[in-house]
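**Q** Can you keep this structure in mind? I'll have questions shortly.
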Amino acid sequence: MAYSVPPYLQHLLHSVSEEHYRQVFRYDRLIERLLRLPHVCFMTLNYDVLLDRRLAAHHPLNDFEDYISEAKNWSLIKLHGSVNWVYEMSYPLDPYPPTEELRTQDHELRCYAPEADLEKIRGPGDGRDRYPALAIPEGPKDRLVLPSRHEWWITNRLRAAPNIDLLVIGYSGLDIEILKMLKAVDIPIRLRTFVNQSLMTAEEVRDRFDEAGLTAVWTETANGNFAEWEEAGGLDQLVRQFGGPYPDAH
């Protein structure tokens, strides 16, 4: 029955993306400031396309290569899939009743532009021949759902860097597979900045990164949520001090 969850999430979060697109203006502030840096990799676990549509205003995201194109100074890696990604099934699929093991890896992964409507993404027959490319929420061991090319690209991009600055926004740190992937890259982290709902939750995420061995030279934990941190100048300071040193961090 779990196979009925991705179609439901696809419908729900595509609707959320449509209804709230004009309200997420803080994405604009985040993008505008971070794109002043030499290169930014946006990594998200969200299925929705709110961030995608904002980034697409800077460079179209019409196919998978656009997400990692070297023609721009940013990339977008969606580790748990996206509502505008589907598996092209070789046979009609009804995911709602119990079914045999669904081997999605046997089918081609396809993406549509983030502004595409759900009818176009699902195609004719209410999506019977297209299955959403979304990770089924299973807890700490949620699997990665992304093109193998994207996983290869981000791994090699990070390994090629002498070190990185890491900004963690609204992430719990509970996804084991994500932390394992970052640890496997074995890249020196210069600055970690944790922004969550409050200082307490930010510190909890920081501790999970420490436990996973993802430590850094400097660490900052925001005393408040993203809106409060951004309005207090935290984002501007992060961009201004890129390259360090970071005398205010500890």
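The values are calculated or read from the model by the stated rules, or taken from the named source; none is laboratory data. As the structure is a computational prediction, the values presented were derived from the model and not from experiment. Note that we place each Cβ from the backbone using ideal geometry, even for glycine, and neighbour counts take in every protein chain shown. For accessibility, only protein heavy atoms count, side chains too; no ligands or nucleic acids. Shrake-Rupley method; radii C 1.70, N 1.55, O 1.52, S 1.80 Å.
**Q** Checking the structure you have, find out if any residue of the stretch 34-56 is touching a Pro at 6+ places or on another chain (Cβ under 8 Å), assigned to a loop (DSSP other than H, G, I, E, B) and exposed (fewer than 15 other Cβ atoms within 10 Å of the Cβ).
**A** Taking the stretch 34-56 first, the residues touching a Pro at 6+ places or on another chain (Cβ under 8 Å) are 49, 52-53, 56.
Right, trim to assigned to a loop (DSSP other than H, G, I, E, B) and you get 49.
Then keep just the ones that are exposed (fewer than 15 other Cβ atoms within 10 Å of the Cβ); that gives none.
No; the residues of the stretch 34-56 include none that is touching a Pro at 6+ places or on another chain (Cβ under 8 Å), assigned to a loop (DSSP other than H, G, I, E, B) and exposed (fewer than 15 other Cβ atoms within 10 Å of the Cβ).
**Q** Looking only at the stretch 57-71, how many residues end up being open to solvent by less than 70 Å² (accessible area, probe 1.4 Å) and free of Cβ contacts under 8 Å to residues at least 40 places away in the same chain?
**A** 3
**Q** Return yes or no: is residue 131 open to solvent by less than 50 Å² (accessible area, probe 1.4 Å) and modelled with pLDDT under 95? Explain how you work it out, then say what you get.
**A** Numbers: open to solvent by less than 50 Å² (accessible area, probe 1.4 Å): yes; modelled with pLDDT under 95: yes.
Criteria met by residue 131.
**Q** Condition test on residue 76, is it out of contact with any Lys or Arg (no Cβ under 6 Å at 6 or more places or on another chain), open to solvent by less than 30 Å² (accessible area, probe 1.4 Å) and either over 28 Å from residue 7 (Cα atoms) or in a loop (DSSP other than H, G, I, E, B) (or both)? Explain how you work it out, then say what you get.
**A** Numbers: out of contact with any Lys or Arg (no Cβ under 6 Å at 6 or more places or on another chain): yes; open to solvent by less than 30 Å² (accessible area, probe 1.4 Å): yes; either over 28 Å from residue 7 (Cα atoms) or in a loop (DSSP other than H, G, I, E, B) (or both): no.
Criteria not met by residue 76.
**Q** Could you give me the residue pairs with C-beta distances under 8 Å whose first residue belongs to the stretch 166-181 and is in contact (Cβ under 8 Å) with a residue 12 or more places away in the chain, whose second residue is open to solvent by less than 50 Å² (accessible area, probe 1.4 Å) and basic (Lys, Arg) wherever it lies, and which are 6+ apart or on separate chains?
**A** Pairs found: 166/192; 168/192.
**Q** Give the residue that is modelled with the lowest pLDDT, with candidates limited to residues of the stretch 211-250 that are among the polar types (S, T, N, Q) and either touching a strand residue (DSSP E or B) at 6+ places or on another chain (Cβ under 6 Å) or assigned to a loop (DSSP other than H, G, I, E, B) (or both). Let's see the steps before the verdict.
**A** From the stretch 211-250, those among the polar types (S, T, N, Q) are 215, 219, 221, 223, 225, 237, 241; that's our starting set.
Add one more test, that the residue is either touching a strand residue (DSSP E or B) at 6+ places or on another chain (Cβ under 6 Å) or assigned to a loop (DSSP other than H, G, I, E, B) (or both), and what stays is 215, 219, 221, 223, 225, 241.
Values: 215: 93, 219: 95, 221: 96, 223: 93, 225: 94, 241: 87.
Ranking the qualifying residues of the stretch 211-250, first place goes to 241.
**Q** Out of all the residues in the stretch 15-40, which are under 18 Å from residue 70 (Cβ atoms) and either touching a Leu at 6+ places or on another chain (Cβ under 7 Å) or of a type in the set (A, V, I, L, M) (or both)? Can you show your working first?
**A** Looking only at the stretch 15-40, we keep the residues that are under 18 Å from residue 70 (Cβ atoms), and these are 34-35, 37-40.
Within the stretch 15-40, 34, 35, 37, 40 meet the criteria.
**Q** Cβ-Cβ below 9 Å, separation at least six or inter-chain, first residue in the stretch 214-226 and on the phi > 0 side of the Ramachandran plot, second in a loop (DSSP other than H, G, I, E, B) and not acidic (Asp, Glu): which pairs?
**A** Pairs that qualify, where the first residue is on the phi > 0 side of the Ramachandran plot and the partner is in a loop (DSSP other than H, G, I, E, B) and not acidic (Asp, Glu), are 224/197; 224/198; 224/232.
**Q** Within the stretch 173-188, identify whether any single residue is of a type outside the set (Phe, Trp, Tyr), touching a strand residue (DSSP E or B) at 6+ places or on another chain (Cβ under 8 Å), at pLDDT below 90 and open to solvent by less than 70 Å² (accessible area, probe 1.4 Å), and answer yes or no. Please lay out each step first, then the result.
**A** Kept after step one, since they are of a type outside the set (Phe, Trp, Tyr), are these residues of the stretch 173-188: 173-188.
Okay, now just the ones that are also touching a strand residue (DSSP E or B) at 6+ places or on another chain (Cβ under 8 Å), so 187-188.
From what is left, the residues that are at pLDDT below 90 are 187.
Next cut, open to solvent by less than 70 Å² (accessible area, probe 1.4 Å) only: 187.
Scanning the stretch 173-188 turns up at least one residue that is of a type outside the set (Phe, Trp, Tyr), touching a strand residue (DSSP E or B) at 6+ places or on another chain (Cβ under 8 Å), at pLDDT below 90 and open to solvent by less than 70 Å² (accessible area, probe 1.4 Å).
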